[in-house]
Amino acid sequence: MTGRGAAIRYARALFDVAQKEADIQQVGRDVGEFAQFVASNEMLARVLANPAIPVQKKRALVQELTSRAGTLSPIVVKLLALLAERDRLALLPEIVRSYENRLMDHAQVIRAEVVTATALPPDRLTALQQGLAGATGREVQLEHRVDPSIVGGAIARVGSTVYDGSVTTQLEKLKQQLTEAEA
């Protein structure tokens, strides 16, 4: 079982249980905050990810941390104990990402990124966001990035789909067509 696949399964199980027994948003915040706490403490992250450290010590450490946190959802405490027991705490960042993706999917929200050669005015970004929302049937969280290397046009990433309308790509395609025509 790959780490990513396992993380997706843990996140799916956490989400399913949270839907039945808790506030899915709060569970997401709790697991995210714990993962951020671990990531921000380099020594702690190394200890929890080190396979040479016995599982019992990791489990005791996680129990101590969760009891001191005090406000974590019981579901998150159980997940962290399970991860410690199975020595899978290194999956925590990927579990958080997968859980956030499930939350967004549940809320009918999709991420989109638009890359342009120059900054777009807010009204153009709003129009683009509304157009993408209409095309996808979902609310769109739009991120805009400027990359002068694309010369002109735009590259849009909506979920896992990429629409490349950059001048650089168009010139590359033209170059390839001309090269093939000469041969």
Which one of these is of a type outside the set (Lys, Arg), under 23 Å from residue 35 (Cα atoms) and buried (at least 17 other Cβ atoms within 10 Å of the Cβ): 73, 67?
-> 73
Qualifying residue in region 44-52 (condition: closer than 20 Å to residue 106 by Cβ and either surrounded by 14 or more Cβ atoms within 10 Å (Cβ to Cβ) or in contact with a helix residue (DSSP H, G or I) (Cβ under 7 Å, 6 or more places away or on another chain) (or both)) | no
Residues of region 162-183 that turn out to be under 21 Å from the mean Cα position of the chain (by Cα) and exposed (fewer than 10 other Cβ atoms within 10 Å of the Cβ), as a count = 0
Flagged pairs (Cβ under 6 angstrom, 6 or more apart or on separate chains; first in region 34-61, assigned by TED's automatic domain parsing to the domain that holds residue 80; second among the hydroxyl-bearing types (Ser, Thr, Tyr) and outside any helix (DSSP H, G or I)) are none
Could you please find all residues in region 126-156 being within 20 Å of the chain's Cα centre (by Cα), among the charged types (D, E, K, R) and either more than 20 Å from residue 107 (Cα to Cα) or surrounded by fewer than 16 Cβ atoms within 10 Å (Cβ to Cβ) (or both)?
-> 139, 143, 145
Which of the residues spanning region 112-125 are crowded, with 16+ Cβ neighbours inside 10 Å and within 14 Å of the chain's Cα centre (by Cα)?
-> 112
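The values are calculated or read from the model by the stated rules, or taken from the named source; none is laboratory data. None of these values were measured; they are calculated from a predicted model. Backbone-built Cβ (ideal geometry, glycine too); neighbour counts: all protein chains shown.
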